[in-house]
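Reviewing the structure listed below.
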Amino acid sequence: MQRARLNVRNPKAETFTTGHSMMARMVRELGEAAHLAARALALVVSEVKNRALMAIADALWNGRAEILSANALDLAEARSQHHSPAVLDRLALDERRIEKMAAGVRQVAALSDPVGEITRMWPRPNGLLVGRMRVPLGVIGVIYEARPGVTADAAALCLKSGNAVMLKGGREAIRSNRVISSLLADAAMGSGLPKGCVAFIDSVDREAVTHLLQLTGLVDLIIPRGGEELIRAVQRTSTIPILAHDKGLCHTYVDEGADLTMAEEIAFNAKVDRPGVCNAMESLLVHERVASLFLPRIVGRLQEAGVEVRGCPRTRALVQGIAPATEVDWDTEYLDLILSVKVVGSFEEAVAHIAAHGSGLAEAIVTADHSRAMRFLREVDAGAVFVNASTRFTDGGEFGMGAEMGISTQKLHARGPVGLTELTCEKFIVMGEGQVRDSSK
């Protein structure tokens, strides 16, 4: 006799399913609200957007005590979980950083509004005028890790460029982001911007990211900011176009005949100023003709600053007591006081090494030779290429763009620091006087 099948309830499975559907519904509702807000925001005039940004900047500064209180809790938890110094540095806020955050928002308010700009018009033989106009992208989803400053930067750039924004910060900064995003949203709506234009996904559940990445038709662009693991996970999952901020494997190449005092200052700054950021130098390349003069002085200074130097065999022959660099080192973004050093035999070898190991974020040459400087600018494939300056300048603020959304290491549709213009696209506009097309021609 066939035994009757019992329908046994699984409370854990039901709880997971319920939680999963609730999370999906919450993220979708935020996306729907942002989508509606984006349509209204695209028509908001510059004066209103600027007034809202100034109110946001004031709210950040006036709310600094609440922000710092939340950030202290985030930092305490991060330390208890033994996060790296680089993570703690990115996570930490103080009054100076909040003041800088507010100043960045004010800088964005002062920038020219790209929305509605007609970039070109040209006549056709039939009398039509064809042109291009800059317009917002729509809704931008920003996924980031332990960087609470990104919350304000991303919102300011999106709002000024006429885009609604959906923010999903990392677990490490959840309390800080919760306070900052609330201040932003209240100030924006209080200044006349549409409800839902700043949406914060208040969850530490990774499923929330998955649901955001599936909002095709509601979200127009995803910008992930974080480590390589985050970028790859987003690229695998998203059904929405992505503007990727990949890792920063930045090089400084000291050419033959370079001003070695200048080279020393540039290399030291590029490594030591803030080693935990993506535009810090990770590898130093030195031409063999200046290596014996340059390497002992720069390595000694770097070691005094606490940098662990790893060198190729030729480097180790010139400077005693440094660890050997392996093939893995040339492809490692340390985000720490660690530097790999290689002696190269020629300009061409330096460029080939950068091509093989660089991530396309920023590269620098120190040289007194104009022709090689121009070759470096043409031949090196990166979002920002420097002559006689530190890679640490790879930053939207330093480039006069105000706050930046990140640094794109891809080529479509933006590359390098992502500012206001990069958060818009162009549509064709056509002005006529009754013309119709003759399909017989």
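Residue 313 falls short of the stated requirement of being touching a Lys or Arg at 6+ places or on another chain (Cβ under 7 Å), open to solvent by 50 Å² or more (accessible area, probe 1.4 Å) and over 12 Å from residue 251 (Cβ atoms). Take the conditions (1) modelled with pLDDT of 95 or more; (2) open to solvent by less than 10 Å² (accessible area, probe 1.4 Å); residue 108 misses just one of them, which is (1).
For segment 328-345: of the residues being hydrophobic (A, V, I, L, M, F, W, C) and open to solvent by 30 Å² or more (accessible area, probe 1.4 Å), which is nearest to residue 358 (Cα to Cα)? Looking at residues that are hydrophobic (A, V, I, L, M, F, W, C) and open to solvent by 30 Å² or more (accessible area, probe 1.4 Å), I get 328.
If you scan segment 208-249, which residues turn out to be more than 15 Å from the chain's Cα centre (by Cα) and in a strand (DSSP E or B)? Residues satisfying the conditions are 216, 219.
Take the conditions surrounded by 15 or more Cβ atoms within 10 Å (Cβ to Cβ), at pLDDT below 95 and either more than 25 Å from the chain's Cα centre (by Cα) or of a type in the set (Lys, Arg) (or both) and apply them to residue 24. Does it pass? So residue 24 passes the test. Within segment 419-441, the set of residues being more than 16 Å from residue 115 (Cβ to Cβ) and either open to solvent by less than 10 Å² (accessible area, probe 1.4 Å) or free of Cβ contacts under 8 Å to residues at least 12 places away in the same chain (or both) comprises 434, 436, 437, 438, 439, 440, 441.
The values are calculated or read from the model by the stated rules, or taken from the named source; none is laboratory data. Source: prediction; values computed, not measured. For neighbour counting, all protein chains shown are included, and Cβ atoms are generated from backbone atoms with ideal geometry for every residue, glycine included. Heavy atoms of the whole protein, side chains included, go into the accessibility calculation; ligands, DNA and RNA do not. Shrake-Rupley method; radii C 1.70, N 1.55, O 1.52, S 1.80 Å.
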